[in-house]
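*Asks:* I have a structure here, written as structure tokens, and I will follow up with some questions on it.
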Amino acid sequence: MDPWTFWLGGALTLVGGMLAVTRKNAVASVMWLVAAFVGMSALFLGMDAGFIGVIQVLVYAGAILILFVFVIMLLNLTPSGLLRIDRPRFVTLGLASALAFVALIVAVVTGGALWTGAAGGEGGIIRRTGEPQLLEGSVLAVADQLFRHHLLPFEIASVLLLVAIVGSVALTKRKL
Amino acid sequence: MAYVTVRRRELTFAERLYLPSILKGMAHTLKHFVGAGGRAGVTMQYPEEKWQLPSFYRGVPSLVKDADGRGKCVACSLCEYVCPPRAISIVPKSIEGVVEKAPEVFDIDMLRCIFCGYCEEVCPEEAIFMSKEYEICGETREELVFHKERLYEIGATLGADAGVPDAERKWAKLAREQGEQGVTGG
Amino acid sequence: MNALPVLLAETVSDGGVWASVNRTFVESRWAYPLLLVLVVGNVVPLLVSFLVWAERRGSALIQDRLGPNRVGPFGLFQSFADLGKFLFKEDVTPGHVNKVLYCLAPAIAVIPPLVALAFVPYGRNVMMADVDTGILACFAVSSLHVYSVTLGGWASNSKFPLLGGVRATAQMISYEIALGVSALAVLMVAGSLRLQDVVLHQADGWTVHGETLGAWSRFLDWNVVKQPIGAIVFLIAGFAETNRHPFDMPEAESELAAGYHTEYSSMKFALFFLGEYAAMIVVSALFTTLYLGGWTLFGLEDVLADWVRSSAPEAGWINWAQVVEGVLHSGIFFTKTLALLFVFIWVRWTLPRFRYDQLMRLGWMRLLPLSLAWLALTAVGVGILR
């Protein structure tokens, strides 16, 4: 990856993510999240995963977060209303999840060597399945994986989504 | 009271589709778009083309002079008195050595004038006329207070329209009676 | 993707430092896209200014008036006079707004449409970013456009802009789905997301069971023939996406003052204006690419290019043959796009505005099922004929 893409995209992702958590204004928070997604998309594009990078913007930044903004606009949130949360408990939980996340990254990077003591990831809990390959045409690559090798999970996921949609309609609509 | 229920006609499929009507509408506007050259000709190209003003048109009030080139206004202040928005202000000249009074200052504030024409109607000397001038503009308020000179200037454009000439020729008559006294006017 | 060396046959023959620097730049993969970015990035705002003029003159003619005809011949330079006015007007930022987002919104209005134009093929070799996610990238970038109206409405912190912003957001999200689904049917027929492939697929005649039909089928190969319903849905959804009449809910002068840009003045307002027209150009360019055969003209574009090329000067410092081809192709492309832009203007001055509930009903209960049904039908058709 181009080092410029990495540093700029990574910085945008991290700064955006942090500001998204710390902003008191909900709309500003969402906008920083958009910035974070754009940075993440840049990282994907830098890794030649064009399809995922584009979908990241199209789905998250372009569709889901705009719904967030939409809901926030209608709720008319005030900063004081957002501050009524149980501070110590959230800090503890946040730290715990951050630690768990770091542990996961370490596990992936070292191939589980820290846990098993084996060098080079032999027999690790999480094992790399091979060197990342450069695939010609990322759309084709993603489609190939989804529809040839992982068709069943893909279909199950779509059924799950359908159930969720039907459920949300059933819950919100009073008269069907 | 008896009433009739008007049953709405069932719309056909084409009507409910809405697209045929849209196309019909667009055909109509296209007809206008294409044939607009002729019809748009009714638009007057203002600064180059101007209105044919009717004879009764009331534009800027103006002062006129008699056949001998003397101002007709005698500073009687009737117009100042009658003016509804009080746009006119007159200061008469000293009357020594003249046959008739004349205004020292004759100002019409065009920001106040409502073009009612009362001044024209009330004037006993037929000295003030509503001109055909309607393009009034200025960058300051002061610029839009028309002074005596400007009003005579506008009045000069009226020509023969400015009512009957001084039939009595009173200046000449008075001058004959009193001999040459160095009468001056307006 | 041909790089600039194709365009410049023999760049610099003699040595010297400047020559080598020049050669390095010209042969780098940045040079040609950069040139195109410079051209398109300047042509589009220029096109917008003439589009505004065309809108005003067109509306005038439709209403039997004359329209602006004073500045320059036929009033062509009216927009530049207006631009000068916008630049020198006082830029008021009301005291009650959220300053950062208020200033961000006009910028977001302009940038996404301009970026989206980078993915559109203007000719065989005239393209800035030939990515294999083509249409998705285009949609992804232009989907960010909605933030401008949303933020503009919200950050203004007053009632009409907020209502306009909420309406715009709901409208744009709703119609984006129908837009995407109808475009999906085209991609299914073309068998590729790459816009260049979509264009070329519309120029090679019908292919049934692997056999290409006769030359006559080239004239029926545009997707507007193969995908009539999809084209109509795409066009209607495109009108709604760009907030144009008869879907100009977000602005709706008679109800909402000026909608989301009520509180904006001076150049910030002008940017919203520019963004709206740029979005119109994007939708027209996409419709041209997806349904009207892009830069192709029933194979005539090659015949013409060959003819012009034969009379072109020898390839010297500049490869004239390539330049001629590029100009010809983008000329065909822009002619089609401009025709569509005229349709945008024409419709605006013909149809009255929809009511908001009618708008939503049309989007969700008519266009979306229609486009989904058409997608299914296309899938079956492609399955049988391929």
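The values are calculated or read from the model by the stated rules, or taken from the named source; none is laboratory data. Computed from a prediction, not measured in an experiment: that's the story for all the values here. Positions of Cβ are generated from backbone atoms using ideal geometry, with glycine treated the same way; all protein chains shown enter the neighbour counts. Side chains are part of the model used for accessible areas, which takes the heavy atoms of the whole protein and leaves out ligands, DNA and RNA. Shrake-Rupley method; radii C 1.70, N 1.55, O 1.52, S 1.80 Å.
*Asks:* For a 18 Å ceiling on Cα separation, which of these pairs sit above it: A:LYS24/C:LYS99; B:LYS101/B:LYS148; B:LYS50/C:LYS85; B:LYS65/B:LYS101? Show your work: numbers first, answer last.
*Replies:* On the way: A:LYS24/C:LYS99 15 Å; B:LYS101/B:LYS148 15 Å; B:LYS50/C:LYS85 28 Å; B:LYS65/B:LYS101 14 Å.
From A:LYS24/C:LYS99; B:LYS101/B:LYS148; B:LYS50/C:LYS85; B:LYS65/B:LYS101, over 18 Å: B:LYS50/C:LYS85.
*Asks:* Considering the convex hull of the alpha carbon atoms of chain C, report its projected area averaged over all viewing directions, in nm², one decimal. Walk me through the numbers before you get to the answer.
*Replies:* Numbers: hull surface 90.8 nm².
So the Cα hull casts an average projection of 22.7 nm².
*Asks:* With a 1.4 Å probe and all protein chains left in place, how much accessible area per residue does region C:12-385 have, in Å²?
*Replies:* Working: 15850 Å² over 374 residues.
Per-residue value: 42 Å².
*Asks:* In addition: Hey, what D do you get for region A:1-86 in µm²/s if you plug the Kirkwood alpha-carbon radius into Stokes-Einstein at 10 °C and 1.306 mPa s?
*Replies:* Values: Rh = 13.6 Å.
In µm²/s, the coefficient rounds to 117.
*Asks:* Related question: Tell me the relative contact order for region C:41-194 as a rounded percent, counting alpha carbon contacts under 8 Å between residues six or more apart. Working shown, then result.
*Replies:* Working: 145 pairs, mean separation 27.4, N = 154.
Answer for region C:41-194 is 18 percent.
*Asks:* To continue, here is another question. If you take the charge dipole of chain C about its Cα centre, with +1 on Lys and Arg Cβ and -1 on Asp and Glu Cβ, which of C:PRO94, C:ALA107, C:GLY293 is farthest toward its positive end?
*Replies:* Highest projection toward the positive end goes to C:PRO94.
*Asks:* Dipole of chain C, Cα-centred, from +1 at each Lys and Arg C-beta and -1 at each Asp and Glu C-beta, to the nearest 20 debye? If you can, show how the numbers build up before the last one.
*Replies:* Numbers: 25 positive and 28 negative charges, 196 e Å.
Using Cβ point charges on Lys, Arg, Asp and Glu, chain C gives about 940 debye.
*Asks:* Give me the one-decimal nm value for the distance between modelled label points at A:VAL108 and B:THR43, 7 Å along each residue's Cα-to-Cβ direction.
*Replies:* 6.3
*Asks:* Consider just the alpha-carbon atoms of region C:78-186 and return their Rg together with their Dmax, both in angstrom.
*Replies:* 17.3, 51
*Asks:* Rounded to the nearest 100 Å², what is the buried accessible area between A and C, both sides summed, probe 1.4 Å?
*Replies:* Values: alone 13710 and 18300 Å², together 30090 Å².
Interface between A and C: roughly 1900 Å².
*Asks:* Highest GNM mean-square fluctuation, chain C, Cα pairs closer than 10 Å: which of C:LEU220, C:LEU61, C:LEU341?
*Replies:* It is C:LEU61.
*Asks:* Assuming a ≥ b ≥ c are the square roots of the Cα gyration tensor eigenvalues, decide whether region C:283-386 counts as rounded (a/c under 1.5), prolate (otherwise, with a/b larger than b/c) or oblate.
*Replies:* On the way: a/c = 4.28, a/b = 1.86, b/c = 2.30.
Oblate, since a/c reaches 1.5 and b/c is not below a/b.
*Asks:* What do the square roots of 5 times the Cα gyration tensor eigenvalues come to for region C:98-138, in whole Å, largest first, as semi-axes of the equivalent ellipsoid?
*Replies:* Result for region C:98-138: semi-axes of 29, 10, 5 Å.
*Asks:* What does the charge dipole of region B:61-161 about its Cα centre add up to, to the nearest 20 debye, if the Cβ of each Lys and Arg holds +1 and the Cβ of each Asp and Glu holds -1? Mind showing how you got there, number by number?
*Replies:* Numbers: 11 positive and 20 negative charges, 33 e Å.
Once rounded to the nearest 20, the dipole reads 160 debye.
*Asks:* Not counting ligands, DNA or RNA, and with a 1.4 Å probe, what is C:HIS209's accessible surface area in Å² rounded to the nearest 10?
*Replies:* Result for C:HIS209: roughly 120 Å² accessible.
*Asks:* Can you send over the carbon and sulfur percentage of the accessible area for chain C, probe radius 1.4 Å, protein chains only?
*Replies:* Numbers: 11630 of 16580 Å².
Ligands and nucleic acids excluded, carbon and sulfur give 70 percent.
*Asks:* Another question about this same structure. Do any residues of region C:38-83 lose at least 40 Å² of accessible area when the full set of protein chains is present rather than just their chain alone, and if so which, with a 1.4 Å probe?
*Replies:* Buried on complex formation: C:LEU61, C:ILE62, C:ASP64, C:LEU66, C:ARG70.
*Asks:* Total accessible area buried between chains B and C, 1.4 Å probe, in Å² to the nearest 100?
*Replies:* Numbers: alone 13690 and 18300 Å², together 30460 Å².
That pair hides around 1500 Å² of surface in total.
*Asks:* Could you calculate the FRET efficiency of C:VAL39 with B:LYS93 from 1/(1 + (r/R0)^6), where r is the beta carbon distance between them and R0 is 56 Å, rounded to 0.05?
*Replies:* On the way: r = 75 Å, r/R0 = 1.33.
That pair, C:VAL39 with B:LYS93, gives E of 0.15.
*Asks:* Please compute the average number of Cβ atoms from other chains found within 10 Å of each residue's Cβ in peptide A:60-71.
*Replies:* Working: counts 1, 5, 13, 7, 0, 2, 10, 3, 0, 7, 8, 0.
The per-residue average across the peptide is 5.
*Asks:* Return the subset of B:LYS31/C:LYS159; A:LYS173/C:LYS268; C:LYS89/C:LYS159 for which the Cα-Cα distance in this structure is over 30 Å, preserving the input order. Please report the intermediate quantities before stating the final value.
*Replies:* Numbers: B:LYS31/C:LYS159 41 Å; A:LYS173/C:LYS268 41 Å; C:LYS89/C:LYS159 24 Å.
Result: B:LYS31/C:LYS159; A:LYS173/C:LYS268 exceed 30 Å.
*Asks:* Expressed as a whole percentage, what fraction of the accessible surface of region A:1-86 belongs to carbon and sulfur atoms when a 1.4 Å probe is rolled over the protein heavy atoms? Write down the numbers at each step before the final one.
*Replies:* Working: 3660 of 4880 Å².
Accessible surface attributable to carbon and sulfur in region A:1-86 totals 75 percent.
*Asks:* Estimate the FRET efficiency between C:ASP357 and A:ARG174 by the formula 1/(1 + (r/R0)^6), using the beta-carbon distance for r and 30 Å for R0, to the nearest 0.05.
*Replies:* Working: r = 18 Å, r/R0 = 0.61.
Once rounded, the FRET efficiency stands at 0.95.
*Asks:* Separate question: Along the three principal axes, how long is region B:61-161 when you take its alpha carbons, biggest first, rounded to the nearest angstrom?
*Replies:* 40, 27, 24
*Asks:* Pulled fully out, how much extra length does the chain show between B:VAL6 and B:SER55, if you take 0.36 nm times their separation in residues and subtract their Cα-Cα distance?
*Replies:* On the way: separation 49, 0.36 × 49 = 17.64 nm, distance 5.38 nm.
Full extension from B:VAL6 to B:SER55 adds 12.3 nm.
*Asks:* Between A:LYS24 and C:GLN63, what is the label-point separation in nm under the 7 Å Cα-to-beta-carbon projection?
*Replies:* Result for the modelled spin labels: 4.9 nm.
*Asks:* Could you name the lysines whose alpha carbon sits less than 29 Å from that of B:LYS24, not counting residues in the same chain fewer than 8 places away?
*Replies:* Counting by Cα, and skipping residues close in sequence, B:LYS24 has these lysines nearby: C:LYS226, C:LYS336.
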